[in-house]
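The values are calculated or read from the model by the stated rules, or taken from the named source; none is laboratory data. Nothing here was measured: the structure is a model prediction, and the numbers come from that model. Here the Cβ is made from the backbone with ideal geometry for all residues, glycine too, and neighbour counts use every protein chain on show. Accessible surface is based on the protein model in full, side chains and every heavy atom, while ligands, DNA and RNA are left aside. Shrake-Rupley method; radii C 1.70, N 1.55, O 1.52, S 1.80 Å.
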Amino acid sequence: MILNLDPQFNPFPNQKSIEFKSFLFSGGEPHIKIENNFNTSDTITVTHRLQSFNDVGLLLLTIDALKRMGVKTINAFIPYFPAARQDRLMVPGESLSVKVYAELINNLQLNEVIVYDPHSEVTPALLHNCTTITNYTFIQKVISILNNNVLLISPDGGALKKIYKVAEYLGGKEVIECSKTRDVKTGKLSGFKVYADDLQGKDCLVVDDICDGGGTFNGLAQELKNKNAGNLYLAVSHGIFSKGLESLSSYYSGIFTTDSFNSIDEQPKVTQIPLATILQ
(Lines give C-alpha, C1' and ligand atoms only; values in the text may rest on other atoms or scores of the structure.)
Protein backbone atom coordinates (compact mmCIF):
# COMPACT_ATOMS: atom_id res chain seq x y z
CA MET A 1 0.00 0.00 0.00
CA ILE A 2 1.02 3.60 -0.60
CA LEU A 3 0.76 6.77 1.43
CA ASN A 4 1.40 9.70 -0.92
CA LEU A 5 2.08 12.82 1.13
CA ASP A 6 2.03 15.05 -1.97
CA PRO A 7 -1.47 14.89 -3.52
CA GLN A 8 -0.04 15.90 -6.93
CA PHE A 9 2.48 13.06 -6.96
CA ASN A 10 1.56 9.40 -7.37
CA PRO A 11 4.49 7.31 -8.64
CA PHE A 12 2.70 4.01 -7.90
CA PRO A 13 -0.82 4.50 -9.30
CA ASN A 14 -1.65 0.78 -9.32
CA GLN A 15 -1.36 0.45 -5.54
CA LYS A 16 -4.08 1.32 -3.06
CA SER A 17 -3.59 4.66 -1.30
CA ILE A 18 -4.01 5.32 2.41
CA GLU A 19 -6.11 8.36 3.31
CA PHE A 20 -4.86 11.04 5.69
CA LYS A 21 -5.19 14.68 6.65
CA SER A 22 -2.24 17.01 7.18
CA PHE A 23 -1.88 20.68 8.08
CA LEU A 24 0.43 23.23 9.69
CA PHE A 25 -0.15 24.47 13.21
CA SER A 26 -0.08 28.25 13.63
CA GLY A 27 3.47 27.94 14.96
CA GLY A 28 4.54 26.38 11.66
CA GLU A 29 4.76 22.74 12.76
CA PRO A 30 3.44 20.06 10.37
CA HIS A 31 0.87 17.57 11.65
CA ILE A 32 -0.74 14.44 10.23
CA LYS A 33 -3.67 12.18 11.06
CA ILE A 34 -3.80 8.89 9.16
CA GLU A 35 -7.14 7.14 8.59
CA ASN A 36 -7.31 3.69 10.20
CA ASN A 37 -8.69 1.95 7.11
CA PHE A 38 -5.93 -0.49 6.18
CA ASN A 39 -4.26 -3.66 7.40
CA THR A 40 -1.28 -2.75 9.57
CA SER A 41 0.40 -6.05 8.67
CA ASP A 42 0.80 -4.81 5.07
CA THR A 43 4.03 -3.23 3.82
CA ILE A 44 3.48 0.54 3.56
CA THR A 45 5.49 2.77 1.24
CA VAL A 46 5.46 6.48 2.08
CA THR A 47 6.23 8.85 -0.81
CA HIS A 48 7.02 12.53 -0.70
CA ARG A 49 8.75 15.18 -2.80
CA LEU A 50 11.04 16.94 -0.36
CA GLN A 51 11.30 20.64 -1.17
CA SER A 52 11.74 22.03 2.34
CA PHE A 53 12.72 21.02 5.85
CA ASN A 54 9.02 20.99 6.75
CA ASP A 55 8.50 18.35 4.05
CA VAL A 56 11.15 16.25 5.76
CA GLY A 57 9.39 16.88 9.06
CA LEU A 58 6.08 15.67 7.67
CA LEU A 59 7.76 12.51 6.37
CA LEU A 60 9.27 11.82 9.82
CA LEU A 61 5.94 12.41 11.56
CA THR A 62 4.11 10.16 9.10
CA ILE A 63 6.42 7.24 9.70
CA ASP A 64 6.21 7.76 13.46
CA ALA A 65 2.40 7.73 13.22
CA LEU A 66 2.42 4.52 11.16
CA LYS A 67 4.65 2.82 13.71
CA ARG A 68 2.32 3.89 16.52
CA MET A 69 -0.56 2.34 14.55
CA GLY A 70 1.31 -0.97 14.59
CA VAL A 71 2.81 -1.02 11.09
CA LYS A 72 5.98 -3.12 11.14
CA THR A 73 7.30 -2.87 7.57
CA ILE A 74 7.67 0.66 6.17
CA ASN A 75 9.48 1.85 3.04
CA ALA A 76 10.11 5.41 1.89
CA PHE A 77 10.33 6.57 -1.71
CA ILE A 78 12.25 9.86 -1.77
CA PRO A 79 12.78 10.61 -5.47
CA TYR A 80 14.85 13.77 -4.98
CA PHE A 81 17.05 13.35 -1.93
CA PRO A 82 17.63 16.75 -0.31
CA ALA A 83 21.13 18.22 0.00
CA ALA A 84 22.63 15.44 -2.12
CA ARG A 85 24.79 18.08 -3.84
CA GLN A 86 26.33 19.04 -0.48
CA ASP A 87 28.17 15.72 -0.29
CA ARG A 88 31.60 17.10 0.60
CA LEU A 89 33.08 20.04 2.45
CA MET A 90 34.38 22.70 0.07
CA VAL A 91 35.26 25.53 2.48
CA PRO A 92 35.57 25.76 6.28
CA GLY A 93 32.34 26.48 8.13
CA GLU A 94 30.04 24.37 5.92
CA SER A 95 27.98 21.42 7.07
CA LEU A 96 27.99 18.01 5.42
CA SER A 97 24.30 18.50 4.74
CA VAL A 98 23.54 15.23 2.97
CA LYS A 99 24.77 13.32 6.04
CA VAL A 100 22.45 15.32 8.30
CA TYR A 101 19.43 14.38 6.17
CA ALA A 102 20.60 10.77 5.85
CA GLU A 103 20.92 10.40 9.61
CA LEU A 104 17.37 11.68 10.10
CA ILE A 105 16.11 9.04 7.68
CA ASN A 106 18.33 6.31 9.15
CA ASN A 107 16.92 6.97 12.62
CA LEU A 108 13.53 5.83 11.31
CA GLN A 109 14.93 2.29 10.83
CA LEU A 110 13.02 1.76 7.60
CA ASN A 111 12.80 -1.49 5.72
CA GLU A 112 13.88 0.23 2.48
CA VAL A 113 14.69 3.75 1.31
CA ILE A 114 14.27 4.21 -2.45
CA VAL A 115 15.98 7.14 -4.18
CA TYR A 116 15.72 8.11 -7.85
CA ASP A 117 18.98 9.04 -9.63
CA PRO A 118 20.96 10.27 -6.61
CA HIS A 119 23.50 13.00 -7.29
CA SER A 120 26.51 10.87 -6.36
CA GLU A 121 27.48 7.60 -4.70
CA VAL A 122 27.62 9.40 -1.35
CA THR A 123 23.84 9.43 -0.80
CA PRO A 124 23.26 5.66 -1.09
CA ALA A 125 26.44 5.03 0.89
CA LEU A 126 25.09 7.08 3.81
CA LEU A 127 21.54 5.70 3.76
CA HIS A 128 20.68 2.39 5.40
CA ASN A 129 18.80 -0.17 3.28
CA CYS A 130 18.97 2.11 0.26
CA THR A 131 17.84 1.12 -3.22
CA THR A 132 18.61 3.45 -6.12
CA ILE A 133 16.70 3.76 -9.37
CA THR A 134 18.81 4.84 -12.33
CA ASN A 135 17.93 7.40 -14.99
CA TYR A 136 18.36 4.82 -17.78
CA THR A 137 14.67 4.39 -18.61
CA PHE A 138 14.10 8.14 -18.47
CA ILE A 139 16.90 8.85 -20.96
CA GLN A 140 15.71 5.98 -23.16
CA LYS A 141 12.25 7.55 -23.30
CA VAL A 142 13.75 10.97 -24.14
CA ILE A 143 15.85 9.54 -26.95
CA SER A 144 12.85 7.70 -28.39
CA ILE A 145 11.00 11.03 -28.52
CA LEU A 146 14.00 12.53 -30.34
CA ASN A 147 14.08 9.61 -32.82
CA ASN A 148 17.37 8.30 -31.38
CA ASN A 149 19.65 10.50 -33.47
CA VAL A 150 21.59 12.47 -30.83
CA LEU A 151 25.02 12.61 -29.23
CA LEU A 152 25.08 12.24 -25.45
CA ILE A 153 26.77 15.20 -23.74
CA SER A 154 28.33 14.95 -20.28
CA PRO A 155 28.30 18.52 -18.88
CA ASP A 156 31.10 18.03 -16.35
CA GLY A 157 33.28 15.54 -14.56
CA GLY A 158 30.63 14.72 -12.00
CA ALA A 159 28.32 13.35 -14.69
CA LEU A 160 30.92 11.19 -16.44
CA LYS A 161 30.51 7.94 -14.52
CA LYS A 162 26.76 7.87 -14.91
CA ILE A 163 26.60 8.94 -18.54
CA TYR A 164 28.87 6.13 -19.74
CA LYS A 165 26.63 3.64 -17.95
CA VAL A 166 23.63 5.20 -19.68
CA ALA A 167 25.42 5.00 -23.02
CA GLU A 168 26.16 1.32 -22.46
CA TYR A 169 22.53 0.65 -21.53
CA LEU A 170 21.46 2.35 -24.76
CA GLY A 171 23.70 0.11 -26.84
CA GLY A 172 26.88 2.15 -26.94
CA LYS A 173 25.81 5.65 -27.92
CA GLU A 174 28.59 8.18 -28.50
CA VAL A 175 29.46 10.43 -25.55
CA ILE A 176 31.06 13.87 -25.75
CA GLU A 177 32.85 14.94 -22.57
CA CYS A 178 32.75 18.53 -21.30
CA SER A 179 34.05 20.40 -18.27
CA LYS A 180 33.70 23.65 -16.36
CA THR A 181 35.35 25.54 -13.54
CA ARG A 182 33.46 26.61 -10.39
CA ASP A 183 34.73 29.04 -7.76
CA VAL A 184 33.87 27.17 -4.55
CA LYS A 185 33.64 30.41 -2.55
CA THR A 186 31.29 32.30 -4.88
CA GLY A 187 29.76 29.52 -6.97
CA LYS A 188 30.61 31.41 -10.18
CA LEU A 189 31.05 29.24 -13.27
CA SER A 190 33.62 29.73 -16.01
CA GLY A 191 35.96 27.90 -18.36
CA PHE A 192 33.43 25.73 -20.20
CA LYS A 193 35.14 23.24 -22.50
CA VAL A 194 33.85 20.71 -25.04
CA TYR A 195 36.34 17.96 -25.83
CA ALA A 196 35.55 17.63 -29.53
CA ASP A 197 36.96 19.62 -32.44
CA ASP A 198 33.81 19.72 -34.59
CA LEU A 199 30.35 18.34 -33.79
CA GLN A 200 29.48 18.53 -37.50
CA GLY A 201 25.95 19.82 -36.99
CA LYS A 202 24.85 16.78 -34.98
CA ASP A 203 22.02 17.14 -32.48
CA CYS A 204 23.14 16.93 -28.84
CA LEU A 205 21.40 15.74 -25.68
CA VAL A 206 22.92 17.11 -22.47
CA VAL A 207 22.28 14.63 -19.63
CA ASP A 208 22.54 15.40 -15.92
CA ASP A 209 20.74 14.68 -12.67
CA ILE A 210 19.80 18.19 -11.48
CA CYS A 211 19.02 21.54 -13.08
CA ASP A 212 18.73 24.28 -10.49
CA GLY A 213 19.45 27.78 -11.81
CA GLY A 214 20.63 26.53 -15.21
CA GLY A 215 24.00 28.31 -15.31
CA THR A 216 25.90 25.15 -16.19
CA PHE A 217 23.65 24.35 -19.11
CA ASN A 218 23.50 27.88 -20.51
CA GLY A 219 27.27 28.22 -20.43
CA LEU A 220 27.73 24.79 -21.98
CA ALA A 221 25.21 25.53 -24.74
CA GLN A 222 27.26 28.47 -25.96
CA GLU A 223 30.39 26.35 -26.16
CA LEU A 224 28.56 23.50 -27.93
CA LYS A 225 27.36 25.95 -30.56
CA ASN A 226 30.95 27.17 -30.93
CA LYS A 227 31.82 23.57 -31.80
CA ASN A 228 29.16 23.45 -34.53
CA ALA A 229 26.48 21.52 -32.65
CA GLY A 230 23.06 21.07 -34.20
CA ASN A 231 19.88 21.26 -32.13
CA LEU A 232 20.48 21.15 -28.39
CA TYR A 233 18.32 19.20 -25.95
CA LEU A 234 18.50 18.92 -22.17
CA ALA A 235 17.44 15.95 -20.02
CA VAL A 236 17.63 16.29 -16.21
CA SER A 237 16.13 13.84 -13.74
CA HIS A 238 15.32 16.52 -11.17
CA GLY A 239 14.08 19.82 -12.59
CA ILE A 240 14.21 22.52 -9.90
CA PHE A 241 14.49 25.40 -12.40
CA SER A 242 14.80 28.00 -9.65
CA LYS A 243 15.40 30.79 -12.20
CA GLY A 244 12.65 29.71 -14.55
CA LEU A 245 12.91 28.20 -18.01
CA GLU A 246 13.05 31.25 -20.25
CA SER A 247 16.84 31.42 -20.48
CA LEU A 248 17.25 27.67 -21.00
CA SER A 249 14.56 27.70 -23.68
CA SER A 250 16.56 30.25 -25.66
CA TYR A 251 19.37 27.71 -26.04
CA TYR A 252 17.62 24.34 -26.02
CA SER A 253 15.08 23.11 -28.54
CA GLY A 254 13.63 20.75 -25.95
CA ILE A 255 13.91 20.35 -22.16
CA PHE A 256 13.00 17.03 -20.54
CA THR A 257 12.58 16.23 -16.85
CA THR A 258 10.53 14.09 -14.47
CA ASP A 259 8.10 15.02 -11.70
CA SER A 260 10.57 13.97 -8.97
CA PHE A 261 10.81 17.48 -7.52
CA ASN A 262 7.65 19.30 -8.58
CA SER A 263 4.90 19.39 -11.19
CA ILE A 264 5.47 21.84 -14.02
CA ASP A 265 2.64 23.64 -15.76
CA GLU A 266 2.52 23.05 -19.50
CA GLN A 267 5.17 25.16 -21.23
CA PRO A 268 6.58 25.32 -24.76
CA LYS A 269 9.67 23.15 -25.28
CA VAL A 270 9.27 21.42 -21.88
CA THR A 271 8.30 17.75 -21.54
CA GLN A 272 7.77 16.32 -18.06
CA ILE A 273 7.79 12.53 -17.96
CA PRO A 274 6.01 11.21 -14.84
CA LEU A 275 7.97 8.81 -12.67
CA ALA A 276 4.91 6.56 -12.69
CA THR A 277 5.69 5.74 -16.34
CA ILE A 278 9.40 5.22 -15.62
CA LEU A 279 8.89 2.90 -12.64
CA GLN A 280 6.52 0.52 -14.44
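Short-range pairs are left out: with C-alpha atoms under 8 Å and at least six residues apart, the relative contact order of the chain is 13 percent. Please tell me which of these pairs span more than 25 angstrom C-alpha to C-alpha: LYS162/LYS202; LYS202/LYS243; LYS173/LYS193? Flagged as over cut-off: LYS202/LYS243.
Listed peptides 126-137, 12-23 appear in the order 126-137, 12-23 once ranked by packing, highest mean of other Cβ atoms within 10 Å at the front. Distant-in-sequence amide contacts of ASN4, defined by a placed amide H-H separation under 5 Å and a gap of 5 or more residues or a different chain, comprise ILE18, THR47. The residues of the chain have, on average, 50 Å² of accessible surface per residue, using a 1.4 Å probe with all protein chains present.
What helices does the chain have that are whole DSSP H segments, at least 15 Å long along their own axis by Cα, and with mean Kyte-Doolittle hydropathy of -0.5 or more? Within the chain the helices that satisfy the rule are 53-68. A cut-off of 5 Å between modelled amide H atoms, ignoring neighbours fewer than 5 places along the same chain, links ILE176 with LEU152, ILE153, SER154. Counting only lysines at least 8 places from LYS16 when in the same chain, those with an alpha carbon closer than 22 Å to its own are LYS33, LYS67, LYS72. The charge dipole of the stretch 19-166, taken about the Cα centre with unit charges on the Cβ atoms of Lys, Arg (+1) and Asp, Glu (-1), comes to about 220 debye, rounded to the nearest 20. Consider the candidate values [x] 20.1, 63; [y] 18.4, 65; [z] 19.0, 58; state which one is Rg and Dmax of the Cα atoms in Å computed from the structure displayed. Comparing each candidate, only [x] matches the computed number. A dipole drawn for the stretch 206-263 from +1 and -1 charges on Cβ atoms has a positive end, and of SER263, HIS238, LEU224 the residue lying farthest that way is LEU224.
Look at the dipole of the chain built from charges on Cβ: of TYR251, PRO30, ASN107, the Cα furthest out on the positive end belongs to ASN107.
Note on the chain: with charges restricted to the Cβ of Lys and Arg (+1) and Asp and Glu (-1), its dipole about the Cα centre is near 200 debye. If the chain linking GLU112 and ALA125 were pulled fully straight, counting 0.36 nm for each residue of separation and taking away their Cα-Cα distance, it would gain 3.3 nm. Looking at the stretch 161-218, the chymotrypsin sites (Phe, Trp or Tyr not before Pro) that sit in a DSSP loop and have at most 11 other Cβ atoms within 10 Å of their own Cβ are TYR195.
Think of the stretch 1-120 as a dipole: +1 on every Lys or Arg Cβ, -1 on every Asp or Glu Cβ, centred on the Cα centre; then among PRO7, ASN39, HIS119, ASN39 lies furthest on the positive end.
Quick one: with all protein chains in place, what share of the accessible area of the stretch 38-175 is carbon or sulfur, to the nearest percent (1.4 Å probe)? The partial results should precede the final answer.
Details: 3170 of 6490 Å².
It is 49 percent, rounded to a whole number.
Looking at the stretch 86-141, the trypsin sites (Lys or Arg not before Pro) that sit in a DSSP loop and have at most 15 other Cβ atoms within 10 Å of their own Cβ are ARG88.
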